[in-house]
Amino acid sequence: MKVVATSIPDVRIVEPRVFSDARGWFFESWNARAFEAAGIEATFVQDNHSRSHRGVLRGLHYQVARPQGKLVRVAAGEVFDVVVDLRAGSPTFARSVGVRLSADDKRMLWVPPGFAHGFLVLSEYADFLYKTTDYWFPEHERTLLWNDPALGIDWPLAGPPTIAAKDAAGTPLSQADLYP
């Protein structure tokens with residue numbers, strides 16, 4: 001496994017070791033010892049799987065009282081995955097990282113607690129899988145406005161995205177609940 005740094009040191013791209021032969025391929029999508037050796041320590045309590053069609057944008061979601069770390073990957077298709085640092089005291093506060101993830105490249109992204117997260121589907125559809133370090137608590141969930149100019153996220157849009165009502169009504173960074 002190879003761990004690649006991003007412009008925000010706590011956010012990391014994970015490139016698994018893939019074993020391929022005439023039958024197909026195999027890789028470990030989670031191995032606690034290997035991830036811990038790479039500096040990513042997490043205990044996961046929930047796995048989530050979503051399917052979305054081209055142009056669907058989900059996010060930017062986070063939980064304030066029960067922050068979730070997430071290990072995200074794409075099992076089918078391709079997405080543009082985005083995280084935003086919402087840790088008020090962080091030297092990278094309000095900065096974002098955007099990474100393309102696909103079933104073909106098998107890369108994963110480690111999103112530590114304290115970050116808002118979202119993605120845009122670039123392929124016909126995408127199956128998106130993520131492990132979380134805490135459960136979903138709807139009363140603690142918040143949505144950061146995906147297109148807030150203060151964030152400066154360069155979404156690779158081919159037209160207006162398809163978004164849920166709660167994402168369209170997201171909160172701008174200037175009014176968002178933050179992590180201490």
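Readers should treat all values here as calculations from the given coordinates under stated rules, not as data from a laboratory. What you see is a predicted model, and the numbers here were worked out from it, not measured in a lab. For neighbour counting, all protein chains shown are included, and Cβ atoms are generated from backbone atoms with ideal geometry for every residue, glycine included.
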### Task
Just tell me which aspartates and glutamates come within less than 14 Å, Cα to Cα, of residue 2; anything on the same chain fewer than 8 places away is out.
15, 28, 36, 105
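May I ask for the Rg/Rh ratio of the stretch 31-70, computed from Cα atoms with Rh as the Kirkwood radius, given to two decimals? Present the calculation step by step, with values, prior to reporting the outcome.
On the way: Rg = 14.0 Å, Rh = 13.1 Å.
Reported Rg/Rh, Kirkwood definition of Rh: 1.07.
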#### Entry: q = 0.19, 0.25 Å⁻¹, the stretch 1-80: log10 I(q)/I(0) [Debye, one scatterer per Cα]
-1.16, -1.47
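Which loop-located GluC sites (Glu not before Pro) does the stretch 99-147 contain, where loop means any DSSP state but H, G, I, E or B and the Cβ has at most 14 other Cβ atoms within 10 Å? Spell out each step's value before the answer.
Details: sites: 124, 139, 141; in loops: 124.
In loop regions of the stretch 99-147 (DSSP not H, G, I, E or B), the sparsely surrounded GluC sites (Glu not before Pro) are 124.
Plugging the Kirkwood radius over Cα pairs into Stokes-Einstein for the chain, at a temperature of 25 °C and a viscosity of 0.890 mPa s, what D comes out in µm²/s? Intermediate results must be reported in sequence, preceding the final value.
Numbers: Rh = 16.6 Å.
Roughly 148 µm²/s, to the nearest whole number.
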### Message
Using a Gaussian network model on the chain with a 10 Å cutoff between Cα atoms, which of 90, 29, 20 fluctuates the most?
### Response
20
### Helical contribution to [θ] at 222 nm, DSSP H n ≥ 4, -39,500 (n - 2.57), averaged over the chain, rounded to 500
-1000 deg cm²/dmol
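Based on Cα coordinates alone, diagonalise the gyration tensor for the stretch 61-110, multiply each eigenvalue by 5, take square roots, and list the semi-axes in whole Å, largest first. Intermediate values should be presented prior to the final figure.
On the way: eigenvalues 117, 31, 12 Å².
Whole-Å semi-axes of the equivalent ellipsoid: 24, 13, 8.
Give me the dipole magnitude in Debye, nearest 20, for the chain about the Cα centre, with unit charges on the beta carbon: positive for Lys and Arg, negative for Asp and Glu.
That gives the chain a dipole magnitude of about 160 debye.
Which loop-located chymotrypsin sites (Phe, Trp or Tyr not before Pro) does the stretch 1-97 contain, where loop means any DSSP state but H, G, I, E or B and the Cβ has at most 16 other Cβ atoms within 10 Å? Before the final figure, lay out each step's value.
Working: sites: 19, 25, 26, 27, 30, 35, 44, 62, 80, 93; in loops: 27, 30, 44, 93.
When the chymotrypsin sites (Phe, Trp or Tyr not before Pro) of the stretch 1-97 are filtered for loop state and at most 16 Cβ neighbours within 10 Å, 27, 30, 44, 93 remain.
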## Note on the structure
Largest first and rounded to whole Å, the semi-axes √(5λ) derived from the alpha carbon gyration tensor of the stretch 80-164 read 21, 17, 14
### Query
Straight-line reach from residue 166: which aspartates and glutamates have a Cα under 19 Å away, not including same-chain ones fewer than 8 places off?
81, 139, 141, 148, 177
